[in-house]
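What follows draws every value from the coordinates through simple rules; no lab data is involved. The structure displayed is predicted, hence computed values, not measured ones. Here Cβ is always computed from backbone atoms with ideal geometry, including for glycine, and neighbour counts include all displayed protein chains.
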Amino acid sequence: MIKFQSSHSHTGKEARRRRFCHRLAPCLICASLIFGSASGGCAIPSGNPTAETSSADAEMAEDAGTYFDTVIDIRVYGDQAEKLLKGCFSICEDMENTLSAQKESSELYKLNHRNSDSIEVSDDLAECIRRGLQYGEMSDGAFDITIYPVKELWDFEGDTGDPVIPDAAEIRKALKLVDYRKVHIDGNTVTFDSPDTQIDLGGIAKGYISLKLKNYLKENGCTSALINLGGNVSVLGEKPDGSPFVVGIQKPFADRGTVLTTINAADDSVISSGVYERYFRKNGKLYHHIIDPKTGYPADTGLNQATIIGTDDVLGDALSTICILLGQDSAEQLIRENGLDVTVLFTDTDNQMSWYPEAPSGASDSISSASSS
């Protein structure tokens with residue numbers, strides 16, 4: 001049994017991590033899905049994770065770090081656990097340098113600050129943009145990867161204590177720049193109809209990364225792993241003892257460790273989007289980070305959270321956001337019309353649960369409190 005601590009720790013990286021953890025930890029803890037053993041309920045992943053196994057002779061390596069502006073935790077079982085865990089964090093580093101819209105050295109940042117209408121991009125960035133445009137088309141623009149100019153007007157992570165609602169005129173101006181139909185991709189060439197169009201992949205990046213991590217692990221012979229990318233939990237296989245992983249879904253706006261429900265997961269992703277992840281209240285009204293590209297303001301569809309269970313991490317990531325943007329009835333219609341093979345847990349503003357098309361086998365139906373690991 002191995003506990004592995006990685007060393008992503010040069011001075012700038014550590015300062016950045018401390019800043020993100022201080023600024024984002026309270027909401028990220030709420031946003032994260034919680035995982036534990038099948039027999040022992042749920043456990044909160046901590047910043048200093050403890051190694052454990054489901055089988056006395058199974059090697060396990062686990063580590064946590066800060067990437068994509070969130071705290072992530074990866075657990076790998078098997079003979080090459082330590083080596084593969086290092087590889088996973090190397091991939092996370094590469095993906096942050098590719099898909100971040102905020103990091104000035106990233107490929108996406110450079111694409112957004114281009115000096116040409118057509119740009120050749122990497123395979124990873126091309127695939128994320130391609131999938132993002134696909135979900136924009138599928139949702140009739142409810143999901144729009146060109147939302148970046150509007151998102152930049154909103155600050156859900158400020159420390160002033162007096163949050164600012166963007167000026168309505170600024171929002172209207174930024175909305176004119178939002179239209180996924182003005183972005184085209186052919187192979188690895190991205191072409192823009194407007195020089196002012198900017199892309200944000202926050203709605204699918206973590207799903208793409210977790211799927212990439214699972215494929216990497218499978219290609220290297222790993223059959224059991226759990227990947228938690230701050231609200232995106234993806235499971236490879238089962239635990240070494242043959243039992244499923246148990247994933248607990250955080251109750252919105254509740255104290256850390258208050259679990260709304262739990263499900264058994266094997267070779268599944270369990271991905272949640274919620275209005276409680278990053279938000280502020282002003283004059284008695286809740287403002288959250290899931291921005292409707294039609295209005296420029298936070299979506300108001302009667303949902304606190306949407307959780308997608310399925311095998312396509314990228315779809316799950318996008319669809320969890322789409323469900324919040326459309327609301328339950330329209331989201332169910334979209335899923336039916338597109339024949340999407342997913343299970344959805346809708347949580348309304350009273351935190352009442354509603355499964356579509358039905359609750360998975362083994363899902364709990366009561367709220368409980370999880371212990372810290």
Name the long-range amide H neighbours of Phe245: under 5 Å, sequence gap of 5 or more, or other chain; modelled H, no Pro or chain starts. Lys239, Ala265
Can you give me the P(r) profile for the stretch 126-216? Cα pairs, bins 5 angstrom wide beginning at 0, each as a whole percent. 3, 13, 19, 20, 18, 13, 8, 5, 1, 0
Treating the Cα atoms of the stretch 67-118 as identical point scatterers in vacuum, please give the log10 of the normalised Debye intensity I(q)/I(0) at q = 0.26 Å⁻¹, two decimals. -0.95
Multiply the residue gap between Tyr216 and Ser243 by 0.36 nm, knock off their C-alpha separation, and tell me the result in nm, one decimal place. 7.5 nm
Computed on Cα atoms, Rg of the stretch 133-173 relative to 2.2 N^0.38 Å comes out at 1.49
Two-site label geometry, Ile185 and Lys294: point separation in nm, points 7 Å out along Cα→Cβ: 2.5
Once fully extended, how much extra length lies between Leu286 and Asn115, figured as 0.36 nm per residue of separation less the alpha-carbon to alpha-carbon distance? 57.7 nm
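Could you sort the peptides 192-199, 249-256, 223-230, 179-186 by per-residue average Cβ neighbour count (10 Å cutoff), highest mean leading?
223-230, 249-256, 192-199, 179-186
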Over its Cα atoms, what ratio of radius of gyration to 2.2 N^0.38 Å does the stretch 167-317 give? 1.27
How large is Rg over Rh for the stretch 204-255, taking Rg from the Cα atoms and Rh as the Kirkwood inverse mean of 1/r across Cα pairs? 1.04
Amide H neighbours of Ser224 under 5 Å, at least 5 residues apart or on other chains, H built in the peptide plane: list them. Tyr77
What is the dipole size for the stretch 45-202, taken about its Cα centre, with +1 at each Lys and Arg Cβ and -1 at each Asp and Glu Cβ, in debye to the nearest 20? 560
Could you tell me the calculated FRET efficiency between Asp123 and Asp341, based on Cβ-Cβ distance and R0 = 25 angstrom, to the nearest 0.05? 0.45
